[in-house]
Amino acid sequence: MTRAIAVDHAASGLRAVAICPGTVESEWITKILANHADPAAARRAMNERQLDGRMGSPDEVAAGIAFIASSDGRFINGSEFVMDGGTTAR
């Protein structure tokens, strides 16, 4: 995403925000685990990568997006919104 997109559209009330979720308990994760030799061990490893010891949920990602889309998030523009449970903080 370029900063120019955010600048060009901000005056018209449009915002550009990249949502960057980390490992989220989803159908994709279910498929990955189903094909793993030891699904339980793989799930534990995915959970342990997170600072709080668990993957994110779709509802948590949706809540972040809802905040950005709300009037309370109006000042968020032209940026990346990382929701990865602190993985990038390690």
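The values are calculated or read from the model by the stated rules, or taken from the named source; none is laboratory data. Everything numeric here is computed off the predicted structure, so don't read it as measured data. Backbone-built Cβ (ideal geometry, glycine too); neighbour counts: all protein chains shown. The protein model used for the area step is the full one, side chains on, heavy atoms only, and it has no ligands, DNA or RNA in it. Shrake-Rupley method; radii C 1.70, N 1.55, O 1.52, S 1.80 Å.
Details
- For region 12-90, a simple Cβ point-charge model (Lys and Arg +1, Asp and Glu -1, everything else neutral) yields a dipole of about 120 debye relative to the Cα centre.
- Where labels lie 7 Å past Cα in the beta-carbon direction, separation of residue 34 and residue 79 in nm: 3.8
- Residue-averaged 222 nm ellipticity for the chain, from DSSP H runs of 4+ at -39500 (n - 2.57), nearest 500: -12000 deg cm²/dmol
- Whole-percent carbon and sulfur share, accessible surface of region 1-78, 1.4 Å: 60
- Radius of gyration, Dmax [the chain; alpha carbons; angstrom]: 16.3, 52
- Excluding ligands, DNA and RNA, the accessible surface per residue across the chain is 68 Å² with a 1.4 Å probe.
- Net +/- balance of residues flanking residue 56 in space, Cβ distance below 15 Å, scoring K and R +1, D and E -1: -4
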